[in-house]
Amino acid sequence: MTELTFKDAEREDTPLILEFIKKLAEYENRLDEVTATQEELEKWIFDKRQAEVIFALEDGKVIGFALFFLSFSTYISNVNLHLEDLFIDPEYRGKGYGKALLKKLAKIVVDRGYGRFEWTCLSWNQPSIDFYLSLGAQQKDWNVFHLTGEELLKLAND
């Protein structure tokens, strides 16, 4: 009988966090966009405490992760737990581990008194969309915009 457990990431787990970020990016066909470094992850997750990471373990072996942070909703005047990344190694999918990790995060939202649990999903990722809808999640009509690099500098400095 296999056992699924969870573990909060610690500073020494930073290389593993980066490894999972790259695995997710590869799955999303966006590996070329990853510029994250261990040093930057360590600074923002552990020094500045701007995000948290939970690992999923099967019989003590790390098989997935979730990286999340807080945002604020003016509509409900409370914080949201925003799930940035969730990834389960392909050979461990289909065992309910993704759902278990989402349940763990939902429990954090409830236990900490946050107002909402939210995440985004790539529009082409229909298996994930179907999975989230099966959990009772609602798709909102928001479009996500990003400014980075030269575009960000241009806006900031014009």
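The values are calculated or read from the model by the stated rules, or taken from the named source; none is laboratory data. Just so it is clear, the model here is predicted, and its values are computed rather than measured. So basically every Cβ, Gly included, is an ideal-geometry build from the backbone, and we count neighbours across all protein chains shown. Side chains included, ligands, DNA and RNA excluded: accessible areas come from the protein's heavy atoms. Shrake-Rupley method; radii C 1.70, N 1.55, O 1.52, S 1.80 Å.
Screening the stretch 48-76 for residues that are outside any strand (DSSP E or B) and touching a residue at least 24 places away in the same chain (Cβ under 8 Å) and picking the one that is surrounded by the fewest Cβ atoms within 10 Å (Cβ to Cβ) gives Gly60. Within the stretch 134-151, if we keep just the residues that are open to solvent by 80 Å² or more (accessible area, probe 1.4 Å) and among the aliphatic types (A, V, I, L, M), the residue that is nearest to Tyr27 (Cα to Cα) turns out to be Val144. Based on what the data block shows, is Phe87 under 17 Å from the mean Cα position of the chain (by Cα), at pLDDT below 95, open to solvent by less than 90 Å² (accessible area, probe 1.4 Å) and not hydroxyl-bearing (Ser, Thr, Tyr)? So Phe87 does not fit the description; no. Taken over the stretch 28-37, the criterion of being at pLDDT 95 or above and surrounded by 13 or more Cβ atoms within 10 Å (Cβ to Cβ) is satisfied by Leu31, Val34, Ala36. Quick one: is Lys95 in a loop (DSSP other than H, G, I, E, B) and open to solvent by 20 Å² or more (accessible area, probe 1.4 Å)? So Lys95 passes the test.
Checking each residue in the stretch 110-133 for being among the hydrophobic types (A, V, I, L, M, F, W, C), open to solvent by less than 80 Å² (accessible area, probe 1.4 Å) and within 17 Å of His82 (Cβ to Cβ) picks out Phe117, Trp119, Cys121, Leu122.
Within the stretch 1-37, can you find the residues that are touching a residue at least 40 places away in the same chain (Cβ under 8 Å), in a loop (DSSP other than H, G, I, E, B) and of a type in the set (A, V, I, L, M)? Spell out the reasoning first.
At the first step, the residues of the stretch 1-37 found to be touching a residue at least 40 places away in the same chain (Cβ under 8 Å) are 2-9, 13, 16-17, 20-21, 23-24, 27-28.
After this cut, where a residue has to be in a loop (DSSP other than H, G, I, E, B) as well, the list is 2-3, 9, 28.
Of everything in the stretch 1-37, just one residue is touching a residue at least 40 places away in the same chain (Cβ under 8 Å), in a loop (DSSP other than H, G, I, E, B) and of a type in the set (A, V, I, L, M), namely Ala9.
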